[in-house]
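Single-structure report; data block below.
The values are calculated or read from the model by the stated rules, or taken from the named source; none is laboratory data. All figures in this text were calculated on a predicted structure; none of them were measured in a lab. When we count neighbours, we look across all protein chains shown, and the Cβ atoms used for this are built from the backbone with ideal geometry, even at glycine. What goes into the accessible areas is simple: the full protein's heavy atoms, side chains included, and nothing from ligands, DNA or RNA. Shrake-Rupley method; radii C 1.70, N 1.55, O 1.52, S 1.80 Å.
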Amino acid sequence: MKENTEFKIGKRLESQKRLGNLIMEHYRDAHEVKKSKKHPIAWVSSASPNELLWTMDIYVMFPEAYAATCGARHAAHGHCEVSENNNYEHHLCTYCRNSTGSSIASIQGGEVFDPLPSPDFLLCASNSCLLITKWFEHLSHYWKVPLINIDSPLIDPAMDEKEIVEHVKRQCIDLIDFLEEFTGKKFDYDRLQEVVANGQKSAEGYGQILDVNTHDPIPVTYFDIMAHNFPNLVLRYKPEAAEHFKLMKEELDQRIADKIVPMENMKYRIYWDGVPYWFAMRSLSEKLKELGMGLVTSAYSEVFRFNRLDSNRPLDSVAENIALLYLNRTAGYKAEYTKKLFEKYNMDAGIFAYAMTCKPFSITMYYIADYLQKELGINITEISGDLVDETFFDQETTNTKLEALAEVLDSRNQ
Amino acid sequence: MIVAGIDVGSLTSKAVILKDKKLHSSALRLTGTDVTAAAETVFREALDKGSLKPECVERIISTGYGRINIPFADKSVTEITCNAIGVHFLYPNARLVIDIGGQDCKAIKMDDQGKVITFAMNDKCAAGTGKFLEIAAQTLDMNLRELGSIGLEAKNKVLISSTCTVFAQTEIVSLIAQRVQKGDIAVALHTSIASRIYGLICSTNPDFDEQVVLTGGVAYNNAIVKTLEKKLECEITVPENPQIVTALGAAVKAISNLSK
């Protein structure tokens, strides 16, 4: 690590404020759309072929992003409790419990934190999670709206990737048929090209933001970056997303030029593995700063790169974006990919954040951690908690593990 | 040179005083609900035992879950680092420590200097810790010593599948209802704990050809030691006073801290 003596500590990014506005506008517009009945509303899983929906002017809502927001605002607990009162068990995915609980409460007129406007249909893809199809099936049952499920099998090295992409593409064509029938409008392939072009620019911009922290010292911690997956996930069909990343890149480059850093006495470059514990990010950020550990990047962001989009091949690239998703890869692929991230970002150590109710994401974690320790000889600590359910998390135990990691790194440098 | 280490654990607080790098005195008491008061009291008890006054102590390091709430300590260090240092002080050839305390268990792999290479620790759930054995012993209507003495060999093999204290209690009640012998249940309990800890140990990539040390209050339970030895296929060293090893490590750390 470079000495921080000549550097100044940065204030809150302007891009954070702009992000806040983008998020607020998105939800405000969604409610206006619902009220005016101008466009249908779809609830989708994060890595569905959403370009096809945006092409048809369908307003797209993301229950996973909503759950993360509820978690960060300490509001998920009430929704999860409604689920449990309806006999959904405590160890079920908390994103699922959050949206099921908030849906049940909405339908029954109960209390819901900033509720999403009700869906007219649902779309999910099996690429990100094994549970998601059943989760959306339940939402479909409660809201009494159609569900379209895109089957996107695991990318196993023994399988032909092209065949998998073709398999997904065929379903995209079926989805277009459904959308035409549902909306009564003809699908506009020129508009798809435009939507994909916007997404392509957004994805490029998002990738550049993630790359900024290869710099030493980092201009921002990963805590400042992680929420910026929102524009690339939710708004990439609009030019505003790419514009946001362009301005953010300029801001971060300026920080580097002005020798602005996010924290004092940063000693170690730290990698985060796993979905963020949304409710605990502030306390974790403060703890890591206290220990001189700067969070640099995470493979979590790979889920939101969507960097296969290509406006010269709109439909094919949408299918590739879905089929070849990082989350849909094997443990071996992820371990090798994470190793490359460690090398690219020159990491000192890793925090592996096991999410108690997110088995599909967490199940490969121990394998990856073990692989990195053996391959790179790096130090790691494993913490446990959850995406949004605070009952699985203990701050003191986590603090002990983080402090112990800092002590191990300090002793290595002595 | 007189230094002290204070380990405030979830169940017990321990204080160790070193004089000229040798163990001078120690004390142990229940932590209770007031962490700071427990630390003060146990420190005073250790001083009294050693006929020392507080002002004689040149440096105090606190450790354990209550480490940050000890205002008279000069510095706090995690129980992971202190445990490794304490074990290295007693057994310089040790390379793996298993520590099972009241509400946590950890495995620490260390180098020939007593520095931590890697560690694993339980999460929020206290499954497979001293608390688990305490509740199990209560359910079987016996004390912890009795549980350890009857849990060495089973006449009939039974299985307790869970290390969750609540679930295991349910299983014990069910086994009692089936008139299973207490000794067989105790063996099943110890096997269950050993399995849980084995996973934790393996995650540190240990070398069982090197010396392995067991510390923490649960190390007094001979049945756990034997069950773990069988599971790990190696001999396990248990210090004379396994509960104070982390406090000892804190005191040793205080010596090096003093020289800075």
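Brief remarks follow.
- For the range A:72-195, the dipole from Cβ point charges (+1 on Lys and Arg, -1 on Asp and Glu) about the Cα centre works out to 300 debye, to the nearest 20.
- Overall shape of chain A was characterised from the C-alpha gyration tensor. The equivalent ellipsoid obtained from it has semi-axes of 35, 24, 22 Å, in decreasing order.
- For the range A:191-413, the solvent-accessible area works out to 33 Å² per residue, with a probe of 1.4 Å and every protein chain left in place.
- When both bridge partners sit in chain B, DSSP labels roughly 65% of those beta bridges antiparallel.
- Solvent-accessible surface ranking, highest first, for A:313, A:191 at 1.4 angstrom: A:313, A:191
- Estimated distance in nm for a label pair at residue B:55 and residue A:89, the labels positioned 7 Å out from Cα along Cα-to-Cβ: 6.3 nm
- Assigned charges on the beta-carbon of Lys, Arg, Asp, Glu; the range B:6-110 dipole about Cα centre (debye): 340 debye
- Subset of A:11/A:34; A:11/A:287; A:37/A:144; A:11/A:267; B:19/B:131; A:289/B:124 violating a 26 Å alpha-carbon distance limit: A:11/A:34; B:19/B:131
- Per residue of B:105-114, other chain Cβ atoms within 10 Å of the residue Cβ number 1 on average.
- The longest part of chain B holding none of the exposed loop GluC sites (Glu not before Pro), meaning those outside H, G, I, E and B in DSSP with at most 13 other Cβ atoms within 10 Å, is B:1-152.
- Taking the charge dipole of chain B about its Cα centre, with +1 at Lys and Arg Cβ atoms and -1 at Asp and Glu Cβ atoms, the residue from B:178, B:6, B:205 reaching farthest to the positive side is B:6.
- Computed with a 1.4 Å probe over protein heavy atoms only, the accessible area of residue A:245 comes to about 0 Å².
- Cysteines without a disulfide-compatible neighbour (Cβ-Cβ under 4.7 Å), chain A: A:70, A:80, A:124, A:129, A:172, A:358
- Within 10 Å of the Cβ of each residue in A:392-405, the mean number of Cβ atoms contributed by other protein chains is 5.
- For chain A, the longest principal axis of the alpha carbon atoms and the long axis of helix A:331-344 meet at an angle near 50°.
- Angle in degrees between helix A:189-212 and the longest Cα principal axis of chain A, rounded to the nearest 10: 10 degrees
- Rounded to the nearest Hz, the phi-derived 3J(HN,Hα) couplings of the range A:213-222 under the Karplus curve 6.51 cos²θ - 1.76 cosθ + 1.60 (θ = phi - 60°) are 7, 6, 5, 10, x, 5, x, 9, 8, 4, where x marks glycine and proline.
- Among A:105, A:353, A:197: highest mean-square fluctuation, GNM of chain A, C-alpha pairs under 10 Å: A:105
- Interface area, chains B and A: about 1700 Å² of buried accessible surface, summed, with a 1.4 Å probe and ligands, DNA and RNA left out.
- For the protein assembly as shown, the share of accessible area belonging to carbon and sulfur comes to 49 percent (1.4 Å probe, ligands and nucleic acids excluded).
- The trypsin sites (Lys or Arg not before Pro) of the range A:101-188 that DSSP puts in a loop, and whose beta carbon has at most 12 other beta carbons within 10 Å, are A:144, A:185, A:186.
- Once the convex hull of all Cα atoms in the range A:191-413 is built, its volume per residue stands at 119 Å³.
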